[in-house]
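Reading through the structure tokens given below for one structure.
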Amino acid sequence: MENAITKPKQKKLNDLARKIIKENQLVSIATASKECEPWISPVVYAYDKKWNMYFVSIPSSVHCQNIRLNGKCACAIFDSRHAWGTGAGLQIEAKIEELSFKNTLKAGKCYISRVYPYPNYNPKVVADFVQNFIANKKIYKFYKITPRVVWMNDPNSEVDVRVQVDLNG
């Protein structure tokens, strides 16, 4: 159900959507095969100033094979540590693509510079992985998620109402 909301309320929801991206590190990506068989994979992401997300994966994995088929995905970002009924999450319709070697450098910089919010994050491990990955052309590839439409359930609504948010607004 879509819901008309005021500009100040919309701004707060847009801010909350950006906060959800900043405060989490896993995005679940849903893809489909040529036979329309669904597949979902959680991946660690970094993001840029335009709210595109980058992740690393193995091209032979099911989700990467599906990405090559049509370049579309649905994504979800949420913090499962919240108490029941108190959390907010994002539902994202997106374009998804494997990056060329040239664009891998930008994605690598995002990965190295990101401060991951969950415990046990070691920036040296991330930097070493990315540098080793780039230098040795390992089997991993970088992928880019470009959000097209982003929704969230309005946490202030008395009923479950999905509203569109603008990450750049």
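Readers should treat all values here as calculations from the given coordinates under stated rules, not as data from a laboratory. Keep in mind that this is a model prediction, so the values were computed, not measured. Every residue, glycine as well, gets a Cβ built from its backbone with ideal geometry; the counts of neighbours run over all protein chains shown.
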### Query
Which entries in Lys12/Lys109; Lys50/Lys141; Lys34/Lys109; Lys22/Lys72; Lys9/Lys72 show an alpha-carbon gap greater than 25 Å?
Lys12/Lys109; Lys34/Lys109; Lys9/Lys72
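How much length is gained if the chain between Lys72 and Asn168 is pulled fully straight, taking 0.36 nm per residue apart and subtracting their Cα-Cα distance, in nm to one decimal?
On the way: separation 96, 0.36 × 96 = 34.56 nm, distance 2.07 nm.
Taking 0.36 nm per residue and subtracting the Cα distance, the gain is 32.5 nm.
Can you figure out the FRET efficiency of Glu93 with Lys12, using R₀ = 30 Å and their beta-carbon distance, to the nearest 0.05?
Details: r = 22 Å, r/R0 = 0.74.
The computed FRET efficiency comes out at 0.85.
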### Query
Once amide H atoms are placed 1.01 Å from N in the peptide plane, what residues at a sequence separation of 5 or more from Leu99, or on another chain, have their amide H within under 5 Å of its amide H?
Phe142, Tyr143, Lys144
#### Entry: Partner aspartates and glutamates for Lys144 [C-alpha distance under 12 Å; skip if fewer than 8 residues away on the same chain]
Asp48, Glu97, Glu98
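For an R0 of 25 angstrom, estimate the FRET efficiency from the Cβ-Cβ distance between Lys49 and Leu26 and round to the nearest 0.05.
About 0.75, to the nearest 0.05.
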### Task
Would you list which lysines come within 16 Å of Lys11, measuring only between C-alpha atoms, while excluding same-chain residues fewer than 8 positions from it?
Lys19
